[in-house]
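Q: Take this structure first; my questions come after.
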Amino acid sequence: MKKAAMLLAMAVAALFGARAAAAQEKVTPSWTVATVSGQGQPKGYVEYQKYCVVCHGEGVGRPGTLALQAKYKGALPALLDRRTDLTPALIKMYVRNGITVMPTFRKTEISDAELDAIAAYLTRNNKP
Amino acid sequence: MRLPPGVSASDFSAALTQFENAIGKEWVFTSDEDMETYRDSFSPFWHEEEDRVPSAAVAPNGVEQVQAVVRIANQYKIPLWTISTGKNLAYGGSAPALSGCVTLDLKRMNRILEVNDKNHYALVEPGVSYFDLYRYIQDNKLKVWIDPPDPGWGSPVGNSLERGGGRGVLHDHFATVCGMEIVLPNGELVRTGMGAMPGAKTWQQYRYGFGPYVDGLFSQSNFGIVTKMGVWLLPEPEAYRDGTVAVTRHDDLIPFAEALAYLYNSQIVQGTSALDSSLLNYRVSKGGGVVDLPGDISVAELERIGREQNIPYWSIELHFYGPARVVDLQWEYAKEKFSAIPGITFKEGRFYRFPLEPKEAEAVPLPQAFGIPNLQVFGLLGKAEGHMDFSPIIPLSGEAVFEALKVFGDVYHEMGIPPRNQFISLPWTFFPRAFVFLFGFPIMHDVEFNRRNREVFRRMIQVCAEHGWGEYRTHIAYMDDVASVYSYNSHALWRFHETIKDTLDPNGILSPGKQGIWPKSMRKPRA
Amino acid sequence: MKSAKTALLIAMSLSCAAPTFASPDDAQIERGHQVYDKWCFPCHGTGSGKPGTDSLRQRGQNPAVLEERTDLTAPMIKTFVRHGVLFMPMFRKTEIGDADLDAIAAYLTRNNKK
Amino acid sequence: MRVPPGVTPNDFSDAIKQWEEAVGKDWVFTSDEDVDLYRDSYSPFWHEDLEPIPSAAVAPDTVEQVQAVVKIANEHKIPLWTISTGKNLGYGGSAPLLGGSVVLDLKRMDRVLEVNDKNHYALVEPGVSYFDLYRYIQDRGLKVWIDVPDPGWGSLIGNALDRGGGYTPLRDHFDAHCGMEVVLANGEIIRTGMGALPGSKTWQQYRYGFGPYVDGIFSQSNFGVVTKMGFWLLPEPEAFKSGNVLVQRHDDLVPLIETLNYLMNSNIVQGTTTIGSPLLMSRAAAQTAGGSGGSALVMSPGGPTIEQLEQVGRDQNLAYWNCELNFYGPPKVVEAEWEFAKEKYSVIPDVKFVDGPTYALPYDPKDVDKLPKRQFGIPSLTIFGLMGRSEGHMWFSPIIPMTGEAVFEAQKVFGQAYHDMGVPAISQLFVFPSSFFPRSFVILCGFPIYHDVEKNRRSREVFKGLVKAAAEHGWGEYRTHTAFMDTVSDVYSYNDHALRHFHETIKDAVDPNGILSPGRCGVWPKHVRKARA
């Protein structure tokens, strides 16, 4: 089952891999995010800052960002929240199944609702 | 649907229904899809029968719900495997030692009950992560530091109970525990230390209470479920300084380690450091090993290369925390202490004043040494799809390091392991007064590769035991192996643990096999 | 029973009519000196913070240091050691054996007038 | 001959014979004269039937003999009361809690098995006293310091198991231990921590071993007989410095202690620190209206008000509070640490500092009498100088938070308690709050003992009154005299005494016949529990 999921992941990744990077936008540095109260921010943004940026954010020593830099060599943004090619299905699949050193995230950590919000946030700039 | 061992389908579904009634339908997980998320993300058993998978997961949100779950499990004799945040990666992650256990997931219990920055402590629930606690402290502008391990997404409760280590002044995490609340296997609630007194004013300030001090029983064990824990925090220091000392000859490590022991045991040097060796790294770059492999570049040859190319043999970065003037003088004193060793060299390191500016903190290397949780360690694992840690304790002495490198080298040789097979470093000072080695065995989605590494791992346990070294902690796959080498007086301590287990948990429902402690019914005959 | 003992002990400490003993040999005195240093000196020695000495001095005992006295008798010494007095506790035979106690007595009575 | 409770004279003499075979006739004591030596020298029950008197004493010399003694006791269900050096004076001395118990006296096991001054630890037997270990280290010129309680004739193992405290950076004696050997009630030996690994190289260097860390359950308990224990020692420092901080106003205690927390929890100030009060200890204060004199800490109803006392302080130029800070380390570092402490404290208006001496180390053994012995780990018996004319004492020792507010509350609570019980607080020796343990204060209150039944009976009532008053305010004792172990255990009652039930559950599992130290710290064997319920 796990293996199948991973193959699917790669397939999906390949499918969307070709898309170009989207327009830049301001990203709050994760240090300040670490203490962000979240007021006035979209839920997906807050959940993303809470769960993802420690690995996928900007700044020193973010393994997720480093890994994607190595993988795409600039062909795609290494920062997930600058991507416009991710789909909710893909995002959920990685979060629930993990990949290489990225472990699985349980529903007690990131609930389905929070995951939906994160997916909505990360796909907000996708072209229809 | 997978069943817990020895439980009938009808009993299990009856139990699940009761779990649902106790904690709500949405917090009882049974689908294969959900179970995937409770496996070991870094399993050494990928694609093998032995891979440990739970039958279900229950996630209570409150002490009363935990008590209810435990009572139901007792009624149906259903084994529970407790996780706090389930981030015990490299030691089993969230997976049970026994397939079919119901995972008791405490992540939802994530309340920070108190943080005091006058007496410097916190009282937290098991689901609180180091990130959570850090954010809370920042948001409330409290002048205290936590001591996160690397990585920082685990929980103070879980990591302290596993007796993990961090990087800062309070790096021995179990030693910072002050007061526990525990649900016993029979569902009864106890508070330890001063917490045993109603309305206690010093639950997080005095550890022992009155009468037998029981907290240690609940570390690396399956005697109870810790639902609250106090941890001591460090008042924010005024400053930090580090400096590196390096020696040129192999045998210099003996006086080097002696001076190190003096400085640590006098609390002049604090925090965690790793012994380093540019010459051994050089040997690795030439395809050799950190460990002493027969036929590899010899010590004499390395010393010669060191002399010619001016590469030190041994070095270590010393860490000082305290008032600015004091850390400067402590570094000066350390240099004096080491200067008795001929040819020793010193390198000035970093200096910080606290609090750091946000930008500074963003950029600071090894933030966990300054109480800032992060996940940088995962950047080190390269192409591996996970790792499991082999971590023996050895004496804090040069002689012990020499012996260990030789002994490990012989194992590599005997088993034909390529030198680079492990991510191995020289020993660390995560705990007071001893060295601990960390071997990161890589894990791949490759059955043969993993099987081979498991053999090596088990051999290493045996060989270390033959030399009087034992592991401080281990992966669920090796808990019996490690427990079995702690065998003084025909496993008297192991049997003592079992005596307590049978008394507290007659049905053996809590975390069967944890640290080699099995319920009577599942105990294997002992060699 | 204890009160009887206390009485006895006070009587002892006042009594001068102590039985005489065959003069102990030097080896025994030397042994006594060693045992005294281990068990008695911390409280009855010279120097600061010696409660036994201080307490005896407060009670007008002169000299207050036991080693300097010539009026102690073996029975007195043994009574105090085995029964204690005020905040001085009694000493058990696993601490000071009977032979060692004899030696202490020999040492502390070495200068007594015959 | 006295006989243990529930044991027939025949069984008992059988056991005695077997013990004599096991340890030798000389080391089984049964005559009243010998057994009386095991009574509490400071018994609060003098001349009362309540005094628990042992029936005999057995003194093994080796672990094997301990195993034999315990097996024999188990066979005949004879209660043993274990003592190391039997110097737990003020907390029961060498006497059992249960009259008729046979004292298991480990004094003969007095071997110093190892002292390592490279990794700074010692491995000792229970009969080794602080004096013994100190001499061992001095004789060999080893560069390590021990940490001593006052007084220094007790056993390292006994004191650590009672969770006693000292004065140097390693003053929390149980915390400084590393590795145990324990004889269980069934006579079996276990070694804890890394000692469970045969031929272990780190028994005294890594505490926890693998699996549940059990050492704690052998402290303040009756679950086993500890026959070996490792202790971490302090590498001999190069200098010691002390400095005194004095503040003028009552409320200055709050910032005084707040900064003390910072300094101690940062490992800058490392030794035990005691809060003092030149003002409250002064004759002038004692003579103020209704002054409470010697028992200076408590604020008695009808006693002088804070305003009156502050006025006395101003008139007599006496600081209301002070504390002496101790620094251990390299000479320049201790000076800098004291400078930093002064800087931290300088925010308190009118704070005064008195530089103490700086000692260069190592010290010359000839000078020991000029040194602050306790701060240097030099054993002595000086403390007994405080006991005056009493014939002993017993300690009331509650833990309170390390805050000024808590000290104020304690002053009032205990002042009121004495008042309500109609006792002049002066009749107790009240010591100021001390940081014998990290992150909290202990208050020590010494109750004098006399050969006077009425006085002692009254003292016991007052003692129980204070335990109750403390519990009502969330303060509990860290340790207590055998006479009050049930009293203190009773107030640790969270969730209907759940923790005591837990202790009893373990007791029944590891000592089903309940032969080891019955009643210790409130833990009784099943059969006695029933009888008492």
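Q: Name the residues in segment B:150-164 that are surrounded by fewer than 24 Cβ atoms within 10 Å (Cβ to Cβ) and either touching a Gly at 6+ places or on another chain (Cβ under 6 Å) or within 12 Å of B:Pro367 (Cα to Cα) (or both), would you?
A: Selection gives B:Asp150, B:Pro151.
Q: Moving on. Please report, ordered by residue number, the strands (runs of 3 or more DSSP E) entirely within segment B:104-183 with at least 1 residues that are polar (S, T, N, Q). Explain how you work it out, then say what you get.
A: Working: elements: B:112-116, B:121-124, B:177-183.
It comes to B:112-116.
Q: Suppose we filter segment D:120-141 for residues that are at negative phi and crowded, with 19+ Cβ neighbours inside 10 Å; how many remain?
A: Matching residues across segment D:120-141 total 14.
Q: Quick one: which helices (runs of 4 or more DSSP H) lie wholly within segment B:244-333 and hold at least 3 residues that are out of contact with any strand residue (DSSP E or B) (no Cβ under 9 Å at 6 or more places or on another chain) and within 20 Å of B:Lys406 (Cα to Cα)? Talk me through it step by step, then tell me what you get.
A: Details: elements: B:253-265, B:278-285, B:299-309.
Passing ranges, in order: B:278-285, B:299-309.
Q: Condition check: in contact with a Gly (Cβ under 9 Å, 6 or more places away or on another chain) and modelled with pLDDT under 95. Does D:Pro149 satisfy that? Let's see the steps before the verdict.
A: Numbers: in contact with a Gly (Cβ under 9 Å, 6 or more places away or on another chain): yes; modelled with pLDDT under 95: yes.
The answer is yes for D:Pro149.
Q: When you go through (1) surrounded by fewer than 20 Cβ atoms within 10 Å (Cβ to Cβ); (2) within 14 Å of chain B (Cβ to nearest Cβ); (3) in contact (Cβ under 8 Å) with a residue 60 or more places away in the chain one by one for A:Glu114, which number turns out not to apply?
A: A:Glu114 satisfies every listed condition except (1).
Conditions (1) crowded, with 24+ Cβ neighbours inside 10 Å; (2) over 17 Å from D:Asp40 (Cα atoms), marked per residue:
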{"residue": "D:Leu444", "(1), (2)": "no, yes"}
{"residue": "D:Trp475", "(1), (2)": "yes, yes"}
{"residue": "D:Met485", "(1), (2)": "yes, no"}
{"residue": "D:His497", "(1), (2)": "no, yes"}
{"residue": "D:Val510", "(1), (2)": "no, yes"}
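Q: So D:Asp117 passes all but one of these: (1) more than 14 Å from chain C (Cβ to nearest Cβ); (2) buried (at least 21 other Cβ atoms within 10 Å of the Cβ). Which condition number does it fail?
A: In the conditions (1) more than 14 Å from chain C (Cβ to nearest Cβ); (2) buried (at least 21 other Cβ atoms within 10 Å of the Cβ), D:Asp117 misses (2) alone.
Q: Which one of C:Thr79, C:Thr70, C:Thr94 is more than 9 Å from chain D (Cβ to nearest Cβ), in a loop (DSSP other than H, G, I, E, B) and hydroxyl-bearing (Ser, Thr, Tyr)?
A: Numbers: C:Thr79 fails: in a loop (DSSP other than H, G, I, E, B); C:Thr94 fails: more than 9 Å from chain D (Cβ to nearest Cβ).
Of the residues listed, the single one that is more than 9 Å from chain D (Cβ to nearest Cβ), in a loop (DSSP other than H, G, I, E, B) and hydroxyl-bearing (Ser, Thr, Tyr) is C:Thr70.
Q: What are the residues in segment D:442-461 that are under 30 Å from B:Met194 (Cα atoms), hydrophobic (A, V, I, L, M, F, W, C) and within 14 Å of chain C (Cβ to nearest Cβ), if any?
A: Going residue by residue through segment D:442-461, those that are under 30 Å from B:Met194 (Cα atoms) are D:442-449, D:456-461.
So of that shortlist, the ones also hydrophobic (A, V, I, L, M, F, W, C) come out as D:442-445, D:447, D:449.
Within segment D:442-461, D:Phe447, D:Ile449 meet the criteria.
Q: Further question on the same structure: Of these, D:Arg135, D:Arg140, D:Arg108, which one is more than 25 Å from C:Arg92 (Cβ to Cβ) and out of contact with any His (no Cβ under 8 Å at 6 or more places or on another chain)? Outline the logic, then answer.
A: On the way: D:Arg135 fails: more than 25 Å from C:Arg92 (Cβ to Cβ); D:Arg108 fails: more than 25 Å from C:Arg92 (Cβ to Cβ).
Going through D:Arg135, D:Arg140, D:Arg108 in turn, just one is more than 25 Å from C:Arg92 (Cβ to Cβ) and out of contact with any His (no Cβ under 8 Å at 6 or more places or on another chain): D:Arg140.
Q: A follow-up question, please. Within segment B:165-220, count every residue that is facing chain D (nearest Cβ under 7 Å), out of contact with any Phe, Trp or Tyr (no Cβ under 6 Å at 6 or more places or on another chain), among the small types (Gly, Ala, Ser) and surrounded by fewer than 23 Cβ atoms within 10 Å (Cβ to Cβ).
A: So the answer is 1.
Q: While we're looking at this one, here's another question. Tell me, which residue of segment D:256-285 that is touching a strand residue (DSSP E or B) at 6+ places or on another chain (Cβ under 8 Å) and in a helix (DSSP H, G or I) is surrounded by the most Cβ atoms within 10 Å (Cβ to Cβ)?
A: Selected residue: D:Ile257.
Q: Looking at B:Gly195 and the list (1) under 24 Å from A:Tyr51 (Cα atoms); (2) of a type outside the set (A, V, I, L, M); (3) outside any loop (DSSP other than H, G, I, E, B), which single condition is not satisfied?
A: (1)
Q: So, one more: Can you give me the ranges of the helices (runs of 4 or more DSSP H) entirely in segment D:462-533 with at least 2 residues that are free of Cβ contacts under 8 Å to residues at least 24 places away in the same chain, facing chain B (nearest Cβ under 7 Å) and more than 25 Å from D:Ile83 (Cα to Cα)?
A: Numbers: elements: D:485-491, D:494-510, D:526-532.
Passing ranges, in order: D:494-510.
Q: In addition: Tell me which residues, restricted to segment B:451-480, are polar (S, T, N, Q) and within 14 Å of another protein chain (Cβ to nearest Cβ).
A: Matches in segment B:451-480: B:Gln462, B:Thr474.
Q: Follow-up question, since we're still on this one. Could you please let me know if D:Ser380 is within 11 Å of another protein chain (Cβ to nearest Cβ), out of contact with any strand residue (DSSP E or B) (no Cβ under 8 Å at 6 or more places or on another chain) and of a type in the set (Gly, Ala, Ser)? Full working, then the answer.
A: Values: within 11 Å of another protein chain (Cβ to nearest Cβ): yes; out of contact with any strand residue (DSSP E or B) (no Cβ under 8 Å at 6 or more places or on another chain): yes; of a type in the set (Gly, Ala, Ser): yes.
It is true that D:Ser380 is within 11 Å of another protein chain (Cβ to nearest Cβ), out of contact with any strand residue (DSSP E or B) (no Cβ under 8 Å at 6 or more places or on another chain) and of a type in the set (Gly, Ala, Ser).
Q: Only one of D:Thr168, D:Thr85 is more than 11 Å from chain C (Cβ to nearest Cβ) and outside any helix (DSSP H, G or I); which?
A: Working: D:Thr85 fails: more than 11 Å from chain C (Cβ to nearest Cβ).
The unique qualifying residue is D:Thr168.
Q: Failed condition for B:Pro54, given (1) touching a Cys at 6+ places or on another chain (Cβ under 6 Å); (2) part of a strand (DSSP E or B), with all others met?
A: The single condition B:Pro54 does not satisfy is (2).
Q: Of the residues that sit in segment B:67-86 and are assigned to a loop (DSSP other than H, G, I, E, B) and out of contact with any helix residue (DSSP H, G or I) (no Cβ under 7 Å at 6 or more places or on another chain), which one is surrounded by the fewest Cβ atoms within 10 Å (Cβ to Cβ)? Even if it seems obvious, please write down each step before you answer.
A: Of the residues in segment B:67-86, the ones assigned to a loop (DSSP other than H, G, I, E, B) are B:77-79, B:84-86.
Now restrict to residues that are out of contact with any helix residue (DSSP H, G or I) (no Cβ under 7 Å at 6 or more places or on another chain): B:77, B:79, B:86.
Values: B:Lys77: 18, B:Pro79: 28, B:Gly86: 32.
Applying the filter and picking the extreme gives B:Lys77.
Q: Among the residues that make up segment D:190-212, is at least one of them closer than 24 Å to B:Asp481 by Cβ, buried (at least 24 other Cβ atoms within 10 Å of the Cβ), facing chain B (nearest Cβ under 7 Å) and out of contact with any helix residue (DSSP H, G or I) (no Cβ under 8 Å at 6 or more places or on another chain)?
A: yes
Q: I'd like to verify a number: residues in segment B:221-233 that are at the interface with another protein chain (Cβ under 10 Å from one of its Cβ atoms) and not small (Gly, Ala, Ser), how many?
A: Initially, segment B:221-233 is screened for residues at the interface with another protein chain (Cβ under 10 Å from one of its Cβ atoms), giving B:221-224, B:232-233.
Applying the additional criterion that residues be not small (Gly, Ala, Ser) yields B:222-223, B:232-233.
Residues that pass the stated criteria total 4.
Q: What number of residues within segment D:175-207 are in a loop (DSSP other than H, G, I, E, B) and touching a Ser or Thr at 6+ places or on another chain (Cβ under 7 Å)? Break it down stepwise before answering.
A: At the first step, the residues of segment D:175-207 found to be in a loop (DSSP other than H, G, I, E, B) are D:175-176, D:185-188, D:192, D:197-207.
Going one step further and asking which of them are touching a Ser or Thr at 6+ places or on another chain (Cβ under 7 Å), we end up with D:198.
Of the residues in that region, 1 qualify.
Q: Would you confirm whether or not segment C:69-80 contains a residue that is surrounded by fewer than 16 Cβ atoms within 10 Å (Cβ to Cβ) and farther than 30 Å from D:Asp34 by Cβ? If you could, list the steps in order and put the result at the bottom.
A: As a first pass, look at segment C:69-80 and keep what is surrounded by fewer than 16 Cβ atoms within 10 Å (Cβ to Cβ): C:70-71, C:75.
Adding the requirement that they be farther than 30 Å from D:Asp34 by Cβ leaves C:70.
Within segment C:69-80 (the criterion being surrounded by fewer than 16 Cβ atoms within 10 Å (Cβ to Cβ) and farther than 30 Å from D:Asp34 by Cβ), the answer is yes, since at least one residue qualifies.
Q: Sticking with this one: What's the total number of residues in segment A:75-120 that are under 19 Å from A:Gln41 (Cα atoms), out of contact with any helix residue (DSSP H, G or I) (no Cβ under 6 Å at 6 or more places or on another chain) and β-branched (Val, Ile, Thr)?
A: So the count comes out to 0.
Q: Also: Does segment A:60-101 hold any residues that are surrounded by fewer than 19 Cβ atoms within 10 Å (Cβ to Cβ), at the interface with chain B (Cβ under 10 Å from one of its Cβ atoms) and either more than 15 Å from B:Phe378 (Cα to Cα) or in contact with a Gly (Cβ under 7 Å, 6 or more places away or on another chain) (or both), and which are they?
A: Within segment A:60-101, just A:Leu66 meets the criteria.
Q: Next up: Looking only at segment B:256-276, count how many residues are more than 10 Å from every other protein chain (Cβ to nearest Cβ) and either surrounded by 23 or more Cβ atoms within 10 Å (Cβ to Cβ) or not charged (D, E, K, R) (or both). Can you show your working first?
A: Step one: filter segment B:256-276 for residues more than 10 Å from every other protein chain (Cβ to nearest Cβ), giving B:256, B:259-260, B:269, B:271-276.
Checking the rest, the ones that are also either surrounded by 23 or more Cβ atoms within 10 Å (Cβ to Cβ) or not charged (D, E, K, R) (or both) come to B:256, B:259-260, B:269, B:271-275.
Total meeting the criteria: 9.
Q: If you go through segment B:341-385, how many residues are within 13 Å of chain A (Cβ to nearest Cβ) and in a loop (DSSP other than H, G, I, E, B)? Steps first, answer last, please.
A: Going residue by residue through segment B:341-385, those that are within 13 Å of chain A (Cβ to nearest Cβ) are B:355-385.
Narrowing further to those that are in a loop (DSSP other than H, G, I, E, B): B:355-357, B:364-366, B:371-375, B:382-385.
Of the residues in that region, 15 qualify.
The values are calculated or read from the model by the stated rules, or taken from the named source; none is laboratory data. Bear in mind the structure is a predicted one, so any value in this text is a computation, not a measurement. Because the Cβ atoms are built from the backbone with ideal geometry, glycine has one as well, and the counts that use them run over all protein chains shown.
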